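Following: one structure in structure tokens, then a few remarks.
The values are calculated or read from the model by the stated rules, or taken from the named source; none is laboratory data. None of the values given here were measured: they were computed from a predicted structure. All Cβ positions, glycine included, derive from the backbone under ideal geometry; neighbour counts span all protein chains shown. Heads up: the accessible areas ignore ligands, DNA and RNA and are worked out on the full protein's heavy atoms, side chains in. Shrake-Rupley method; radii C 1.70, N 1.55, O 1.52, S 1.80 Å.
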Amino acid sequence: MTFLTRLSAVCLTSALCLLALPEAQADDQAMRRALDAARHHQWSSINQQGIKGHALEGYIEYHRIKQQLPALAPDQTLAFINRYQDSPLSEWMRSVAIGAYGRAGRFQALRDISLATPPGGAERQCYFYRAWLTQKPDMAVEGARTLWNVGRSQDNACDPLFSTLLSDGRLSQQDIWHRLTLAKEAGNDSLANYLAGHLNSGWEPAITAYHQIDQSPDAIAHLSVARFSRPVAGALYTTAFHALTRKDTRKALALWQQLSPKAPLDSKQRHDIEHDLAFYTLVRGHTDNIAQVDRMLPQLSDSDLFELRVRVALEQRAWGQVSHWVQQMAPDQRDDARWQYWLARAQQQLGQPSQALEHYQKAAGQRSFFGFAAADHLGVPYSLEQDARDTPPASMNSIMALPAIQRINALERIGETGLARSEWSYLIDRSEPNDVYKLAHYALSRQWYELAVFTSIKTREWDALHWRFPPAHASEFGAWGQKRDVSPWLLMGIARRESAFNPRAQSPVGARGLMQLMPGTAAHVSRQKGIAYEGVDSLMTPSVNIALGSAYISDMLHRYSGNRVAAVAAYNAGPGRVDRWLMGGTQPFDLFVESIPFRETREYVQAVLAYQAIFESLAKGSTRDVVMLTPRERQVDYDRSMLVNR
């Protein structure tokens, strides 16, 4: 059976593909033009008759009402909100109206269209709390205090709210001091100086002490804090150690030993200081101070610190410490396949084979990189833990009749995929579990693969594997995988991790499309391989993105002699970094993966390789004969010898 045939079977055997696809409506093009015109307030160019009765009429009305704000009467705004309660249009309109009425000072109108819960965004929240300050003072003051207690400047709309609360004493001098310390910790000196100007003369000694600490954090050792109230003294300590720990962790740790017994701190402040000290000691590799950190860890009992401590022990090959610190973890952390695997490895190294076997078996029952690695060690098939909800429902007629689904189909037809995704998210949030199940399978039937993945993530349906790992863009991955001699499962694993199969995904740094290619990388690969590339926008086309992405990962595989662990790491972090990591010493595959210094890359490698095995297993209908890593990839030394193809 070919790759494409196996993938297609996922759809054909479920009868999902037998669903009739909604036909394009004759007035879709009229709606497309009308929506463009509405966004630009070109009302005279809209063919009202052409869009009458269209599923997306509400989108035109939304833009019309939005333009009429804040003059529009609140009952008209509220009528629209109520009419589209099943659509994100209602929330968007309420949020826009709160901002418009707030800016116009129409606070009664704002109250008329508000819900009990505040809107999103600081500007609108400040208008909201101003509107309710006299009617619901407790709620408004509590919300205002939340906006106040940040170390950054808030929107100008908050100024009247804060001024009112400061003038009537509901924001106190202590509140000003607290925000000043937050601003300083955030490095926002301008806000801190502004706040200092609003403290009365009684605070001058505290401000002077604060400036001393700002100039030299270790000045806390010589300040007489007994003259300050406990909250002020505690703030001076936490600010000093926040700065000093980041600047000179060793010095901070030594100073903490000296000052800790008499430091005027509450339990949270003490915990935060010690957590910072332990965290930066471990991250910066200050192993000369490890004994002091080890004394702190049991009392702190923080999962991130236990993880770091185990990773330090793994780096040192201190297997007794690996075993000890894994067993110190809370059960929900310790039972994860990752830590069960390392506990098994440690006990194996310590000559405790029966205990090691028990933990390998526990890890092998989980669907993850380390679960699959444990299964490989034991020579047993992978556990997919697949949920029965992967089976398609007998009927989805009730889903297909939903107005929201009709809007989503219409938005997809006219190319408004972003709005379609918003409608889908809103629908999922308000659906019962059984309807979510049907919706996910409906998305698969329409080949809305990114929406199926999105549904599994949003609803935390981790075991509904056909939702999480659908056969997206199978023909392109199969064809380009064959052409580049790259496993199509690997390509799909990369795309699933990079974009969750959203072909229009764009990262903050500019990576685009299914396989999240940077434009510069795409241009380089295009020139090198002779692949057609028509600029940044073309990366949103799946066939172009997969062609270029498959060529790039093929190059990485060649660079590292076909080793997928190193190649996948290079796809994420760049080959230069991977070369340096390989030149750092000789390690087996598992320690190499665990020692990757970037959390993002470390988790990326684990995810992509596990995803590859899952995609292959789903297509074959079994995990039998599926291997996440070849014997060579598991047995080879990860060191400079892998760089022969540079």
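Element breakdown for the stretch 544-646 at a 1.4 angstrom probe: carbon and sulfur atoms account for 47% of the accessible area. On the beta carbon distance between Arg83 and Gln386, with R0 = 60 Å, the FRET formula returns roughly 0.90. Taken along the Cα-to-beta-carbon direction at a fixed 7 Å, the label points for Gln108 and His324 span 7.2 nm. Computed over neighbours whose Cβ is under 9 Å from that of Trp148, the net charge equals +1, Lys and Arg +1, Asp and Glu -1.
Projected label points at Gln506 and Leu350, each 7 Å from Cα along the beta carbon direction, are separated by 5.3 nanometres. With 0.36 nm allotted per residue and the present C-alpha distance subtracted, the Arg295-Ser595 stretch has 105.6 nm of extension available.
How high is the FRET efficiency from Asn200 to Asp332, r the C-beta distance, R0 60 Å, rounded to 0.05? Please list the in-between numbers first.
On the way: r = 49 Å, r/R0 = 0.81.
Between Asn200 and Asp332 the formula returns 0.80.
Given the peptides 492-500, 198-206, 59-67, 405-413, arrange them by the average over their residues of other C-beta atoms within 10 Å, most packed first.
Details: 492-500: 25.1, 198-206: 12.9, 59-67: 18.3, 405-413: 22.1.
Ranked by mean Cβ neighbours within 10 Å, highest first: 492-500, 405-413, 59-67, 198-206.
Within the shell defined by Cβ-Cβ distances under 13 Å, the residues around Gln174 carry a net charge of +3, with Lys and Arg each +1 and Asp and Glu each -1. Let a ≥ b ≥ c be the square roots of the eigenvalues of the Cα gyration tensor of the stretch 308-423; is it rounded (a/c under 1.5), or, if not, prolate (a/b larger than b/c) or oblate? Because a/c hits 1.5 or more and a/b exceeds b/c, the stretch 308-423 counts as prolate.
With both labels modelled 7 Å from their Cα along Cα-to-Cβ, the Arg170 to Glu61 distance reads 3.7 nm.
With a 1.4 Å probe and all protein chains left in place, how much of the accessible area of the stretch 356-434 comes from carbon and sulfur atoms, in whole percent? Spell out each step's value before the answer.
Values: 1700 of 3390 Å².
Using a 1.4 Å probe with all protein chains present, the stretch 356-434 comes out at 50 percent carbon and sulfur.
Checking the a/c ratio against 1.5 first, then a/b against b/c, what shape does the Cα gyration tensor give for the chain?
On the way: a/c = 2.02, a/b = 1.03, b/c = 1.96.
The shape class here is oblate.
Close amide-amide hydrogen proximity is noted between Tyr638 and Gln587, each under 5 Å apart and 5 or more residues distant or on a separate chain (H modeled in the peptide plane; Pro and chain starts excluded).
Got the relative contact order for the chain handy, in percent, Cα pairs under 8 Å and 6 or more residues apart?
The normalised contact order for the chain reaches 10 percent.
Taking the charge dipole of the stretch 36-159 about its Cα centre, with +1 at Lys and Arg Cβ atoms and -1 at Asp and Glu Cβ atoms, the residue from Tyr101, Leu78, Gly121 reaching farthest to the positive side is Tyr101. In terms of its C-alpha gyration tensor, the stretch 362-418 has a prolate overall shape, because the principal axis ratio a/c (a ≥ b ≥ c, square roots of the eigenvalues) is not below 1.5 and a/b outweighs b/c. A cut-off under 15 angstrom between Cβ atoms defines the neighbours of Ser45, and their net charge, with Lys, Arg +1 and Asp, Glu -1, is +3.
Between Ala375, His466, Pro205, the Cα set farthest toward the positive side of the dipole of the chain (charges on each charged residue's Cβ, about the Cα centre) is that of Pro205. Accessible surface computed residue by residue for the chain, with neighbouring protein chains in place and a 1.4 Å probe, gives 45 Å² per residue.
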